[in-house]
1. Which one is nearest to ALA250 (Cα to Cα), of the residues in the stretch 190-208 that are more than 15 Å from the chain's Cα centre (by Cα) and among the small types (Gly, Ala, Ser)?
2. Cβ-Cβ under 8 Å, sequence separation 6+ or interchain: first residue in the stretch 101-113 and of a type in the set (Lys, Arg), partner assigned to a loop (DSSP other than H, G, I, E, B). Which pairs?
3. Take the residues in the stretch 23-49 that are buried (at least 16 other Cβ atoms within 10 Å of the Cβ) and at pLDDT below 95; name whichever of them is farthest from VAL88 (Cα to Cα).
4. Filter the stretch 50-80 down to residues that are within 15 Å of GLU132 (Cβ to Cβ) and free of Cβ contacts under 8 Å to residues at least 12 places away in the same chain and give me whichever is surrounded by the most Cβ atoms within 10 Å (Cβ to Cβ).
5. Would you pick out the residues in the stretch 1-22 that are in a strand (DSSP E or B) and at pLDDT below 95?
6. Can you tell me which residue among LEU27, LEU72, LEU42 is of a type outside the set (Asp, Glu) and part of a strand (DSSP E or B)?
7. I'm checking my understanding of the structure. Among residues of the stretch 85-122 that are assigned to a helix (DSSP H, G or I) and touching a Pro at 6+ places or on another chain (Cβ under 9 Å), which one is surrounded by the fewest Cβ atoms within 10 Å (Cβ to Cβ)?
8. Just give me the residues in the stretch 241-258 being part of a loop (DSSP other than H, G, I, E, B), touching a Pro at 6+ places or on another chain (Cβ under 8 Å) and under 19 Å from MET230 (Cα atoms), in sequence order.
Amino acid sequence: MTLTSFSLDYFSLAGKVAIVTGANKGLGQAYAVALAKAGADLLVVARSGDCEETRALIEETGRRAEFFQADLSDREAVKQVVPECLKVYGKVDILVNNAGTILRSPLVEYKEEDWDTVMEVNLNSLYLLSQEAAKVMVEQKRGKIINIASMLSFQGGKFVPPYTASKHAVAGLTKAFANELAEHNIQINAIAPGYIATDNTAPIRTDEKRNAEILSRIPAARWADPSDLMGTVVFLASKASDYMNGHVLAVDGGWLAR
């Protein structure tokens, strides 16, 4: 790359194939649609079979959308995702590890089975999917893995010990994978979203006291919309980020700066 060779084509994903987990709604849906708008075809992985809205949004861009139903707390199901993408498209250029779960309870009351469920979905499936995708990407000599971290990759939170542990681990795995795979022209980075207006955060936003506390710390003075993350995922999936590796990119309206 030279100063004269750079163009907006560096952000194009034309001809690329992306896997996005948990893309039937919310942030995952926004990531999938953004990648499609940039030119990628999609394998959308979701636990629920209700993905028609995501399909319609992707197909409106003129891109192809295939769906694979899988419970990512089931390791055997996780191991089928990359082979399914290879069967459908013949390659994997981009993996977005978006699927996650959160179960809230005071620490002294937290159930062991709830700890296991959160860690299985948020951490173990991410590791296994990334490992399987990396095997393909090493052979291809290119690839992008985008993990979804959190503000709780930096902070402790309350009532969510396994979520916090898993999201700290996501940041660590992002760096560990980058150290091993960068020499193979594979970039592994993470997005750490701030407070986003989705179905998952609706209970917090309707709590006037908690909503006011959160807004008072966000310099942007608003909750993010999922669309605020669309440009970030395209950047990390594209040639424009080829020298960015092992980084956790906060998109938080300034939350961490306050």
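1. Top of the filtered list is ALA197.
2. ARG104/PHE159; ARG104/VAL160; LYS111/SER105
3. First, pick out the residues of the stretch 23-49 that are buried (at least 16 other Cβ atoms within 10 Å of the Cβ): 23-47.
Applying the additional criterion that residues be at pLDDT below 95 yields 23-26, 46-47.
Working: ALA23: 18, ASN24: 19, LYS25: 23, GLY26: 25, ALA46: 16, ARG47: 19 Å.
Across the stretch 23-49, the extreme among qualifying residues is GLY26.
4. By that ranking, first place goes to ALA77.
5. At the first step, the residues of the stretch 1-22 found to be in a strand (DSSP E or B) are 17-21.
Hits for the stretch 1-22: nothing passes.
6. None of the others qualify; the one that does is LEU42.
7. LEU107
8. Kept after step one, since they are part of a loop (DSSP other than H, G, I, E, B), are these residues of the stretch 241-258: 242-247, 252-254, 258.
Narrowing further to those that are touching a Pro at 6+ places or on another chain (Cβ under 8 Å): 252-254, 258.
Scanning the stretch 241-258 gives ASP252, GLY253, GLY254.
The values are calculated or read from the model by the stated rules, or taken from the named source; none is laboratory data. All values derive from a computational prediction rather than experimental measurement. Cβ atoms come from the backbone with ideal geometry, glycine included; neighbour counts cover every protein chain shown.
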